[in-house]
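Contents: one structure, followed by commentary.
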Amino acid sequence: MGIQRGRDVVEVHAGDATSARWVVDVTEVPGPDEAVDVRGPYVNGRPGARFLYLSWDGVDADGERAMFRRAKLMLDPALLTDAAGATLVADLRLTMADGSPLCAAVRPPVVRWTVRPGRG
């Protein structure tokens, strides 16, 4: 599993790893209705509905890597406003209750967001 940057899946971790961590820098910009919006090479979606992709890939019989599933980590505009100038941290399981790879739009309570003071 890795994080998607544009069309590329980068910073790949083994699917059975006990933990995975990605650090993504974003640029804060004014959003709709006094909210903070973000942009950057990892950010997807329209203003007010931004998200990050976590993508599962595998190796086919020819040795080529191919994505087979992905999860959208939804970024709530109010959360982005609360996290302006700080570090936003997502804590989540990368598998669903049946053990299959996490997929679809991921929102609380599946993901727990926390804001840490400062950057980095």
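Every number here is computed from the coordinates shown, using simple stated rules; none is lab data. As the structure is a prediction and not an experimental result, all values here were calculated from the model. Because the Cβ atoms are built from the backbone with ideal geometry, glycine has one as well, and the counts that use them run over all protein chains shown.
Summary of computed values
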item	result
Modelled FRET efficiency - R0 25 Å, Asp33 with Leu79, Cβ distances, 0.05 increments	0.95
Most fluctuating residue given options Glu64, Glu28, Glu11, as computed from a GNM of the chain linking Cα atoms under 10 Å	Glu64
Hz values of 3J(HN,Hα) by residue in the stretch 90-99 - Karplus curve (6.51, -1.76, 1.60), Gly and Pro given as x	10, 10, 7, 7, 8, 10, 8, 4, 7, x
Alpha-carbon centroid distance for the pair the stretch 1-61 / the stretch 64-98, whole angstrom	7 Å
Which labelled figure in (i) 46, 22, 22; (ii) 50, 27, 24; (iii) 40, 30, 22 is Cα extents along the principal axes in Å, once derived from the coordinates	(ii)
Exposure proxy ranking, count of Cβ atoms within 10 Å, fewest first, for Trp22, Trp56	Trp22, Trp56
Counted charge near Ala35, where neighbours are those whose Cβ lies closer than 15 Å (Asp, Glu -1; Lys, Arg +1)	-3
Choice from Asp91, Asp33, Asp82 with maximal GNM fluctuation in the chain (Cα, 10 Å cutoff)	Asp33
